[in-house]
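Peer 1: There's a structure below that I have some questions on.
The values are calculated or read from the model by the stated rules, or taken from the named source; none is laboratory data. Worth saying up front: this structure is predicted, and the values here are computed from it rather than measured. Using ideal geometry, Cβ is built from the backbone for each residue, glycine included, and neighbour counts are taken over all protein chains shown. Side chains included, ligands, DNA and RNA excluded: accessible areas come from the protein's heavy atoms. Shrake-Rupley method; radii C 1.70, N 1.55, O 1.52, S 1.80 Å.
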Amino acid sequence: MNISRKNRGLATSAVIAALYVALTCSQNAIFPGSASMAIQFRVSEALCVLALFTPSAIPGLTVGCFIANIASFNAMDMIFGTFATLLAAVTTYLLRKM
């Protein structure tokens, strides 16, 4: 089966987004509030390192962060938290050659 590059990138992004959401939700289940309070520590942010290997990680991380932030019911977190993850992923991708 021949999978196009576009479909492979889309599938990679979807898997990364699902991993981000799963890690964030499981962290909130084990340590309530640690990933959704004013000061956050998210294990799932370690997935930003995947942007070193594939640009498909950037939309995956951004969508995953937005979906995970929906559970916080905080518009500021949905907007600025997602933007911070996007910025971190893009910066990681751009600095991969250094």
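Peer 1: Tell me, what % of the accessible area of the chain is carbon and sulfur with a 1.4 angstrom probe?
Peer 2: Result for the chain: 75 percent of the exposed heavy-atom area is carbon or sulfur.
Peer 1: Would you mind calculating the relative contact order of the chain from Cα pairs under 8 angstrom and at least 6 residues apart, reporting the percent as a whole number?
Peer 2: On the way: 110 pairs, mean separation 29.6, N = 98.
The value is 30 percent.
Peer 1: Before I look further, what does the chain give for accessible area per residue, probe 1.4 Å, in whole square angstrom?
Peer 2: I get 66 Å² per residue for the chain.
Peer 1: Next up: So which chymotrypsin sites (Phe, Trp or Tyr not before Pro) in segment 1-83 are both in a DSSP loop and have at most 10 other Cβ atoms within 10 Å of their Cβ?
Peer 2: Sparse-neighbourhood loop chymotrypsin sites (Phe, Trp or Tyr not before Pro): Phe41, Phe73.
Peer 1: Can I ask one more? At each listed q (0.14, 0.27, 0.30 Å⁻¹), what is the log10 of I(q)/I(0) that the Debye formula gives for segment 19-69 modelled as equal alpha-carbon point scatterers?
Peer 2: -0.33, -1.00, -1.14
Peer 1: Where the eigenvalues come from the Cα gyration tensor of the chain, what are the semi-axes √(5λ) of the equivalent ellipsoid, largest first, in whole Å?
Peer 2: Over the Cα atoms of the chain, the ellipsoid semi-axes are 24, 15, 11 Å.
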